[in-house]
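What follows is a structure written as structure tokens; I'll ask about it next.
The values are calculated or read from the model by the stated rules, or taken from the named source; none is laboratory data. Remember, predicted model here, so these are calculated numbers, not experimental data. Cβ sites come from the backbone with ideal geometry, for glycine too, and all protein chains shown count toward neighbours. Please note that ligands, DNA and RNA were not included when accessible areas were found on the heavy atoms of the full protein model with its side chains. Shrake-Rupley method; radii C 1.70, N 1.55, O 1.52, S 1.80 Å.
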Amino acid sequence: MAAPEADSLEALYGAFASMNMEGGWHRKFPALWPEPRRNFLPHVWRYAEVKPILDRAGRLVDTAQAERRNLTMFNPVGGNVYSTVRTIVAAYQMIRPGEVARAHRHTPNALRLILEGRGTYTVVDGSQVEMRPGDVLLTPNWAWHSHANGGGEDCYWMDFLDVPLVHLMEPMFYQPHPAGLEADVTELAEAPIAFRWEDTLTALDAEQARVGEDAPASVTLGPAQLDTIALRMMRIPAGVETASLRTTANNIFAVVRGNGTTEVDGQTLEWRFGDTVAIPAWRPFTHHAAEDAVLLQVTDEPVLAKLGWLRTETP
């Protein structure tokens, strides 16, 4: 086969291909596109199916094998083995009476929503706080945290972390506590990192009175916040549907109460207590409550807003 002429395009491509370079005028794959691609998929994980598996794991997997007994929800898009949506991972976790998960810290931000069980507490940077059903608790990045079950019931919750975002940006650090547990601990009835269910209901009642009984009511959990994740509790009265929304933010919704459906990009996802609904970026969605429902929204909006990339539409 004859060699390409020195001034031919073929010779030009050969000149820089071996240098790990590509000509912008003939890319194999585009670098820019008109709007966000549909990569990650809408999906729902059902707590009623997960709980028996956690119970089996509780019998078969002890704390010596896994102090944090959890089941990670990875999005079913091809090639993915970890992330629930692009920037956030969610998991179900269970701790049995008498079990202790030793302290560690990491750069990812984390939070948990308690589903069932009493008698469990978390310790975050020396503050010990009880975890009760409906509560949401924060673990900011690089904060020491442990948890233990001092009661008589198995305790179940959902974890949410920005680990996929940290994987992308690379600043992953993890450290077990050198002593196993923090020594100087203060037991607190209330703490800025703990959003109590009864307080959330009071805030939702006030917002419901403002917007009316036939409209969704939403409150932001705060003032304590994570840098990369925003949290809202949304109440949807029975028979009410939320306005259609499309956003560049990634969202996960956890069902705290009630049942209903989510229409996302033409797909219908049914949900009830404890279920997890993944809604990737730029997919139009709307919720419909079959009975009075409360959903926790976990979203990466703060990241998009900080970088000037947050867009929302009401198709």
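Picking from L296, L310, which residue would you name as being among the aliphatic types (A, V, I, L, M), open to solvent by 40 Å² or more (accessible area, probe 1.4 Å) and either farther than 12 Å from I236 by Cβ or over 19 Å from the mean Cα position of the chain (by Cα) (or both)?
Being among the aliphatic types (A, V, I, L, M), open to solvent by 40 Å² or more (accessible area, probe 1.4 Å) and either farther than 12 Å from I236 by Cβ or over 19 Å from the mean Cα position of the chain (by Cα) (or both) holds for just one of L296, L310, which is L310.
Something else now. Collect the residues in segment 163-208 that are assigned to a helix (DSSP H, G or I) and open to solvent by 80 Å² or more (accessible area, probe 1.4 Å), keeping them in residue-number order.
H167, L168, M169, E198, D199, T202, D205
Let me ask something additional. Among the residues of segment 246-280, count how many are within 15 Å of L41 (Cα to Cα), open to solvent by 20 Å² or more (accessible area, probe 1.4 Å), modelled with pLDDT of 95 or more and not in a strand (DSSP E or B).
Total meeting the criteria: 1.
Name every residue in segment 56-98 that is farther than 18 Å from T120 by Cα, open to solvent by 60 Å² or more (accessible area, probe 1.4 Å) and in a loop (DSSP other than H, G, I, E, B), in order of residue number.
Hits for segment 56-98 are A64, Q65, F74, P76, G78, G79, V81, Y82, R86.
Taking the stated definitions as given, is Y156 touching a strand residue (DSSP E or B) at 6+ places or on another chain (Cβ under 8 Å), exposed (fewer than 13 other Cβ atoms within 10 Å of the Cβ), under 27 Å from I88 (Cα atoms) and of a type in the set (S, T, Y)?
For Y156, the condition - touching a strand residue (DSSP E or B) at 6+ places or on another chain (Cβ under 8 Å), exposed (fewer than 13 other Cβ atoms within 10 Å of the Cβ), under 27 Å from I88 (Cα atoms) and of a type in the set (S, T, Y) - is not met.
Among the residues in segment 235-245, are any within 24 Å of the chain's Cα centre (by Cα), polar (S, T, N, Q) and closer than 19 Å to L295 by Cβ?
Looking for residues that are within 24 Å of the chain's Cα centre (by Cα), polar (S, T, N, Q) and closer than 19 Å to L295 by Cβ, one finds at least one in segment 235-245, hence yes.
Consider segment 231-245. How many of its residues are assigned to a strand (DSSP E or B) and open to solvent by less than 20 Å² (accessible area, probe 1.4 Å)?
The first filter runs over segment 231-245 and keeps only residues assigned to a strand (DSSP E or B), leaving 231-236, 241, 245.
If we keep only those that are open to solvent by less than 20 Å² (accessible area, probe 1.4 Å) as well, we get 231, 233, 236.
Selection size over segment 231-245: 3.
Name every residue in segment 32-57 that is at pLDDT 90 or above and aliphatic (A, V, I, L, M), in order of residue number.
L32, L41, V44, A48, V50, I53, L54
For a quick check of your reading of the model, give me the residue pairs whose first member lies in segment 60-73 and is without any contact (Cβ under 8 Å) to a residue 24 or more places away in the chain, whose second is open to solvent by less than 90 Å² (accessible area, probe 1.4 Å) and part of a loop (DSSP other than H, G, I, E, B), with beta-carbon atoms closer than 6 Å and at least 6 apart or on different chains.
What qualifies is V61/R69.
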